[in-house]
1. Between A:184, A:57, A:123, find the one with the highest GNM mean-square fluctuation for chain A; connect C-alpha pairs within less than 10 Å.
2. Comparing B:208, B:77, B:141, which has the greatest mean-square fluctuation in the GNM of chain B with Cα pairs linked when under 10 Å apart?
3. What does the charge add up to near residue A:186, with Lys and Arg as +1, Asp and Glu as -1, over the other residues with Cβ less than 14 Å from its Cβ?
4. How much accessible area per residue does region B:87-228 have, in Å², with a 1.4 Å probe?
5. About the Cα centre of chain A, how large is the charge dipole given +1 on each Lys and Arg Cβ and -1 on each Asp and Glu Cβ? Please answer in debye to the nearest 20.
6. Determine, from the Cβ-Cβ distance of residue A:78 and residue B:100 and an R0 of 41 Å, the FRET efficiency 1/(1 + (r/R0)^6), rounded to the nearest 0.05.
7. Provide the buried accessible surface between chains B and A in square angstrom, both chains summed, 1.4 Å probe, rounded to the nearest 100.
8. Working from Cα positions, state the angle (0 to 90°, nearest 10) between the long axis of helix A:140-161 and the longest principal axis of chain A.
2 protein chains.
Amino acid sequence: MTELLWGKEPARTRGPKPAITLTAIAETGIAIADTEGLDAVSMQRIAGELPVTKMALYRYVPGKTELVAVMSDLAVGSPPDRADLPWREALRIWAIDLYDAFTRHPWLLQSTIGRRLLGPNELAWMERGVAALTGTGLSGGEQLDSILVITSHVRNIAQQSTTFPGHTTGLTEEDWQQSLAEILATEAARFPHLTTAMRTSAGSENQGLEFGLARILDGLELLISDRTG
Amino acid sequence: MTELLWGKEPARTRGPKPAITLTAIAETGIAIADTEGLDAVSMQRIAGELPVTKMALYRYVPGKTELVAVMSDLAVGSPPDRADLPWREALRIWAIDLYDAFTRHPWLLQSTIGRRLLGPNELAWMERGVAALTGTGLSGGEQLDSILVITSHVRNIAQQSTTFPGHTTGLTEEDWQQSLAEILATEAARFPHLTTAMRTSAGSENQGLEFGLARILDGLELLISDRTG
DNA sequence: CATTACTGTGTCCGGCGGACACAGTTACTC
DNA sequence: GAGTAACTGTGTCCGCCGGACACAGTAATG
């Protein structure tokens, strides 16, 4: 598994040449997941778009779990190379880049959750985030915790704003808003603060990413100035 | 669907009495999910623990998606009733209560993602969070964004720290740490900052919730004092 | 008593991940 | 060159999943 993600394949000698490659499998899976959602990715489905049968895929990958891991690391890609910036601006752009990655491949939100084996690209993202915080006086643990908070925020904003193709609860933004409005209309008495908050916020949209990011970075700045000053 | 979650069932008249109840179904599902993970929850499995067959369940619930929604709202439960506190302490305790709920039912992290229909309990949590921020000078949209940031943080910390029973990548915390350490050992050159951050943070554990929470609340406090002062 | 509305059951379907035995292909070794 | 070992792709089979559907049994209404 680690070998798969990190590309340590043993040199092959005898036997027929493989008809396809692991990368081709992963790319096919990514294409399907992008257009039809992660649930549409099955061994059958992938094999159908390649000149092999389903079972041949198991010569390249031990199981579906590992395939999704390879797909995920390939899809996140390398973090964009940004010029040296002060930590705050560096982290802000880093967060937006990450958001873009999740927007390009919404299924990453499903596939990259919980404890899992990390691939080189995912680690590269972490590396870049931590790198932005070196020299700020924060401890290693604090640096890791900081980029974790930012990652969490980016993930959940992306989750809220992107429409999942083919996912079970395929609600459009409008449908969702409306059903929520209906509920709040009939149950306004039980949720007074929520109702007024929703009503006064109607119309202003998609500020969530910048808003939360600004709060988190403000909080970090406070801590950093405590440490350095 | 909305009717199911909000308990608006039409009065039944003729015909045999139902052998079970929707609540019993949901509770059975919750018990299974708690002990064996959400993936272990299937119609067969639930019916096996109740005096009915699989297909009888469809008399109570339209499909599995809706069942999981009912399970989720039942499992989050009502937010604990806390005394009136200043907004910062109120939100802090609110976040910890939420974390506890996710810890009690780790599968909620899987089932309550993305746009979905919200049940009364979930809305009650939101209501309480927003309520803590009324009177701080924040706009409705800002209040909602604020509790969203906190929720994101709580979720991802819970995701990282809890072990998913029966989930695909059933790695223990130690196994995960070790495999990551091995990778970093062999690839240290590619991830220098990450390597040192990891090394210096070894040992200090589980500060993630409090750390991120403190940063976010600090950032909110800054904004609020801007608004009020 | 007949009708009507309702509940639970059994059977069937397509699709899923995956185990396994098998046939075909290629390169190394004698 | 012949044999063999290593490797690749195929077809078949299994258990499980969510769910459609027809059907039989049951309870209240007329």
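1. A:184
2. Maximum among the listed residues: B:141.
3. Here the count lands on -1.
4. Ligands and nucleic acids excluded, the figure is 41 Å² per residue.
5. Once rounded to the nearest 20, the dipole reads 920 debye.
6. Here the calculated transfer efficiency is 0.60.
7. Values: alone 13840 and 13860 Å², together 22010 Å².
So the buried area, both faces added, is about 5700 Å².
8. The helix A:140-161 is inclined about 90 degrees to chain A.
The values are calculated or read from the model by the stated rules, or taken from the named source; none is laboratory data. Remember, predicted model here, so these are calculated numbers, not experimental data. Quick reminder, even Gly has a Cβ in these numbers, built from the backbone with ideal geometry, and neighbours come from all protein chains shown. Surface areas here come from the heavy atoms of the whole protein model, side chains and all, with no ligands, DNA or RNA. Shrake-Rupley method; radii C 1.70, N 1.55, O 1.52, S 1.80 Å.
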